[in-house]
Amino acid sequence: MSCTVFLELLAREASPVEFEGPLVEARAAGASPETLAELEAAKLAALRVRSIMNRHARREAELEALFDTASDLAGLRDHDAVLEAIVRRARRLLNADIAYMTLNDDERGDTYMRVTDGSVSAAFRKLRLPLGAGLGGLVAQTAMPYTSAHYLEDPQFNHRGYIDEAVAEEALVAIIGVPMKLGSRVIGVLYAANRSERPFGQEEAALLSSLAAHAAVAIDNARLLQETRTALEELSAANAVIQARSAAVERAAQAHDRMTALVVRGGGAADVAAVVTGILGGTLHVLDADGRPLATSGPPAPLEGEELSGVLASAYSSRAQGRTVRRGDLWIASVSTGDEVLATLVLRTADEVSDADQRILERGALVTALLVLLRRSVTEAEGRVRGELLDDLLNERVTDADALKTRARRVNVDLETPHVILSARCPAPEHRGRAAFWAASHASIAHGLSAARGEEIVLLLPGDDPGDTARRVAKELSASLAAPITVGAAGPVGGPAGVASAHREAQRAADALIALGRAGDGASAGELGFVGLLIGDDRDVSGFLASAIGPVLDYDARRGTTLVRTLEDYFGTGCSLSRTAERLHIHVNTVTQRLDRVAHLLGEDWQTPDRALEIQLALRLHRLAQ
């Protein structure tokens, strides 16, 4: 038999048992001892070649697995998938029943199960090993590979009951573990295990160590990638914060520039409101000390009732804390000096208002307060000039009318046009300062004059209807102070000469309104009827007669009738038709017809008590004059 039969066995990758076949056949055929020895030598050489070929194939498979693992690391897409692939390859290459990986937990000081392949026990997959306990704990602590052919009976390890129970539940017998290291630091352990007794060789330990090195690289790459992603996220968040702050700074600078321009050009509350809403949006209300609106900007959203009361309470809190206060969808910023509230800004918006935007609202409140103070200073300075001029007119200290007119023109007052003079009574001392400021502002706008004299505020305003002007000023000033202010009026006057006498008449008109219980009202001396006769300087009797019975006097003068005589007898008989007819020697029907004519001339209310009193007084004055 030829030795080439062993080459044929090698070619078809026969099992080691088949290599005994040629020897058995040769012995059966009676081959010589030399032939048997030659065949034995050829068999041994063929088995050596077969072993070498197997080692080369296994090495090729190992290198292929390592190459695939390196490829996985190069294209790292999923960290968990790479670790699972490494464990799966370790199980396949070592022909093990199970492979698994544990990672060290630096915070807890132990090592925990990370990936398993081939495991059937839930307790085993959740296992945690203290450093130094069991095979894996010892590998993690010493950074050295360890192997055991029969773990549960191996005395070289520090056994723990719960670890051994998990190993027994998984039915593991032979275990090998190698450290996963980054430099000199162990980050975990890679294992392979069998459910039967088996010794692991040096080549298997080396192969598992190579896979463990790749696993360590994968874990470190994942860590670096995560750190990079975290850094990018932090940079992105920081960039967003920087952009937001930059936008906030830009808005604040824009608000500052626009508000500074307002101060320079002397804007008002409405201008500030427009700037704030132009930057922050929403609706802005600018309120005075009593919560009355001074200006509004944005979509209509009024403050009323309980909401306004809550705003005023929050405004007090804002002034106390020195910052913006939130109340629902309202943001309130208020500024005061001493005990006086200068400005309260209320922003209504559904959007969240950042700290930077709150500073814009607070700056708006501060600028509004500054504008109020500036306007007050200007008004007070101009008011002093106007007050001094009005004092000179009232006291008649300056007799040069041209000089007075020249001074008046400097403050945009033309004394040659008709003016009415008003005497306003402000009895409460705490209201007098605000009343004087209101009067000075009103006079400045109306191109008139004002002066404060104790509880009296004197106004000289353009116009020719003193009664209407008095009522309007009484209404507006009472509303501003939230207290009744009585205003008497006189005029119109033309030129400086009549101002002092008209002022005295306006004072008596105010005194008469207060005496009549009409505090908080306004009227002129002429509108007070016969009371005006009593308080007026010029005692305009003819004017009173014309207003009371003028139409009747004119009718008698044109027609030659005796309506005036009929009225005298009618009132003289106690308004008796029959007795009036007897006195006039006429029929009662004639008296009725005459009184109907009177009603047509004087109005249907001529017999009301007030009208009747004035008509009787006018009839008496007319008779005395005749």
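Here are the numbers:
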quantity	calculated
Ranking of Ile175, Ile163, Ile52 by count of other Cβ atoms within 10 Å, fewest first	Ile52, Ile163, Ile175
Normalised contact order of segment 266-376, rounded percent, pairs of Cα under 8 Å and 6 or more residues apart	28
Mean Cβ neighbour count within 10 Å, used as a protection proxy, ranking 432-438, 484-490 highest first	484-490, 432-438
Volume per residue that the Cα convex hull of segment 76-227 spans, once the total is divided by residue count, Å³	103
Likely footprinting exposure, Ile445, Ile332, fewest C-beta neighbours within 10 Å first	Ile445, Ile332
Cβ crowding within 10 Å averaged over residues, with 352-361, 18-27 ranked highest first	352-361, 18-27
Full-extension gain in nm, Asp556 to Ala143, via 0.36 nm per residue minus C-alpha separation	135.1 nm
Order of Cys3, Cys426, Cys575 under a 10 Å beta carbon neighbour criterion, fewest first	Cys575, Cys3, Cys426
Part-to-part distance (alpha-carbon centres) for segment 305-363 and segment 552-626, which is given in Å	68
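Coordinate-derived values only; no laboratory data. The structure displayed is predicted, hence computed values, not measured ones. All Cβ positions, even for glycine, are placed from backbone atoms using ideal geometry, and neighbour counts span all protein chains on display.
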